[in-house]
Amino acid sequence: MRTALLAAISLFAVAIADSGTPLDLGPEFQVNTYTTGQQMTPAVAIHEDGAFVVAWGSQFLNPESSASGVFLQRFDASGLTVGAELMVNTFTPFYQYAPDVAAGGDGSFVVVWQNACYGMSSSTCAPDGSPASISGRGFDASGLALGDEQIVNSFTTGFEVIPRVAATSSGDFVVTWTSSNYGAPEPGRDIVGVFARQFDADGAPVADEFGVNVDTSGSQWVSDVAMDAAGNFVVVWQTYTYSEQTVVARRYDANGVALGGELPIGGASAPASSPSVAATADGRFVVAWEQGMESGGRDIRAHRFAADGTAEGDELQVNTHTTGSQGRPVVATDDDGNFVVAWTAYGYFNPPPDGDAGGVFAQAFAHDGAPLGSEFQVNTYTTGYQNDPDIAVNAAGEFVVAWTSASGYRYPSIPPQDGSGDGIFARRMALRACATPAECDDDNPCTVDACEGDVCLNRRQTGCCTAVFECPDDDNACTDDQCIDNTCSHVAIPDCAPCSTHEDDCVAPDACTQAYCDCVPPQCPQGTCLFEPIDGCCLTAAECDDGHSCTEDACDASNDCVSTPIAECVECADDAACTTGCQIGPETCDEGRCVSPEGCPLIEIDDTEPLGAAGALLIRVVVPSNAPGQGKPKAVATATTGAAGSGETPAKRCSAGKRIGRLRTTLDADGDSNLVLELNRRGQRCLAADVDGQMAFDVEVRVKRKTLPLATVVQSRTWRQ
């Protein structure tokens, strides 16, 4: 039995014996009457007749307490309240919280809790004069207190925290807790360890407290305890060192004599914590705990043990839904060994199955460890954060679960379920009794329905599913896990390449693709090869088209695109853009380039070379051999003054249109000729008269045959001296 640390309690009584989905005995209901502030840390105990009691902490605002106090509410077997909620603690200064409760066979019960100074100026605020202590108080079947509260721990100079309690039907009980005495270490006493103390049915201590853990390296804490009918008990706790985190158990007889040493439970393969334990009347027991996963989340595990501590069967994976984290498990068992585990599904990083911030879920198991039906959600109200359940089961298999519905006070944006802050809620359920197998039909195609020992068994078929989350992950990133026709299938994802942690697992198909694995260890044991194109990389010239028709586009040996301009190429959108002076016929626009008619001369005027004092301009004329007309083609170049230069020149002598030079030449046999245009005297004087040594002019080149003009080109140039 263990206490949850936040408190909206839902109670649900379930006749747990081998059955599938529990039978609902009514909706969840509110436990706490006082609603202002935070009601939290619930604990629950159930009697053989189905009556039950819930205890919790009320923090900050209850007028009967100081900073916080411990309260309880009794219920009959039908879930109706019996009397008003009661304040348990009589010492009220500072903090009293984190209760646990155990039931005796005559309807009595005992409550234990923690006193602490947290946030207070005093370091001796607990009733025993220490910073933190454990108190307890007994009650009879009518809810009357059996005296005042009493201090449980006999060591009073350290921090005594996180109490747990278990009782026999005769009312004898044992309390365990964590003791931390960093500030005042005592020789021979573990600095952070688990301690226990036994009491008789009257609440008198049987002996002094004693240390439970043998290994004192690291820290031993967060204990739980369960008792059988004879008073034998088993204690579980978690250990923490720099290298590991494990769950350990130790068994004791009714006299408090250890039955062997420490018993390893969980944590051999992954960090284990938050253990919970439950025992049958004949001493068999089951332990549940949370265990870390490679993905970074947490799972719930459980293992059954014989009365002598021998492990029975394999370790069990409790939760079916594995996305995100499942934590703070609690376990309870009936006398036949059938048991239920409840836990919190957290929504820190991934939505839990209820789609909100968190929810309480449970799974029932038969005495042989076979799951009874599927995991199910306990809370029906899903707004906000339902978490940290506690659970209790009686011999008949009825059980009650309690949890915190966190909203309002701690989460102002969430409407409070109890109308104020955090609240305690309850729900009751029962697994079905039966006479024939027909009564056990659960309408689940994945269970084999049977009636054994007057209870329904709905045993799940291996590999069968009703939803995809029931299908185990095959750890293959390249399969899509699906539930098809009630069968778990792992469908291959097309064009998917699996990989692990090595980049070499992913081979790029070409030089322009980068390949890498999306798996990051250790959270990701297997991932998928991803491929991304490398910017600016090419494989063919077709990939290098720069959109310009006057460039030659190519992909070089380095897989880089190269675009080379085409000489004397003019881009165009239509024929109107092609205006060069071919007199044979008009130029046309073809695939974005101006194209001269067949036989039209090419005239290139190059003024990139430096000009001498006389001024020189290189002109290249190419006349195709198939140019029309008769005789040798001839080229004539003439220069005339254009606009005035930037300097001052004689207006008349160098005004626009005055001829300043010319050159005539005959083309060679190939149709090529390099012509040099020289300035005449006028041109030289005009250039010399310009103070900047430069002059604007127009050059006209005419190509003709005797019978036919071929081309005329007029271009503007600036002459520099």
When the chain is fully extended, how far beyond the present Cα-Cα distance does T383 get from S217, taking 0.36 nm per residue of separation? 55.5 nm
Starting from the 7 Å offset along Cα-to-Cβ, what nm value, one decimal, do you get for the label separation of A306 and K706? 12.9
How high is the FRET efficiency between A573 and V636 when r is their beta carbon distance and R₀ equals 41 Å, given to the nearest 0.05? 0.80
Quick shape summary for segment 150-255, equivalent ellipsoid via Cα gyration tensor, semi-axes whole Å in descending order, reads 24, 16, 10
Within 10 Å of each candidate Cβ there may be at most 14 other Cβ atoms; applying that plus a DSSP loop requirement, which GluC sites (Glu not before Pro) in segment 218-310 survive? E244, E294
Report the full-extension gain for the segment A450 to D202: residue separation times 0.36 nm, less the Cα-Cα distance, to one decimal in nm. 84.8 nm
If amide H atoms are modeled at 1.01 Å from N in the peptide plane, then the residues at a separation of 5 or more from V448, or on another chain, having amide H under 5 Å from its own are R459, R460, Q461
Per the 1/(1 + (r/R0)^6) rule, R0 = 41 Å and r from the Cβ atoms of A84 and R189, FRET efficiency to 0.05 is 0.45
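Quick check on segment 212-317: what does the Kirkwood estimate of hydrodynamic radius come out to from the alpha carbon pairs, in Å?
About 13.9 Å, per the Kirkwood formula over Cα pairs.
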Ranked packing of 100-107, 266-273, most packed first, by mean Cβ within 10 Å: 100-107, 266-273
Subtracting the Cα-Cα distance of D106 and D148 from 0.36 nm times their residue separation yields 13.1 nm
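What's the FRET efficiency of N559 with A492 using the Cβ-Cβ distance as r and R₀ = 30 Å, to the nearest 0.05?
On the way: r = 33 Å, r/R0 = 1.09.
The calculated FRET efficiency here is 0.35.
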Quick P(r) readout (segment 23-430; Cα-Cα; 20 Å bins; whole %) gives 29, 63, 8
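Rule-based calculations on the coordinates, nothing more; no lab input. Given the structure is predicted, the values throughout are model-derived calculations rather than measurements. Every residue, glycine among them, receives a Cβ derived from its backbone with ideal geometry; neighbour counts consider all protein chains shown.
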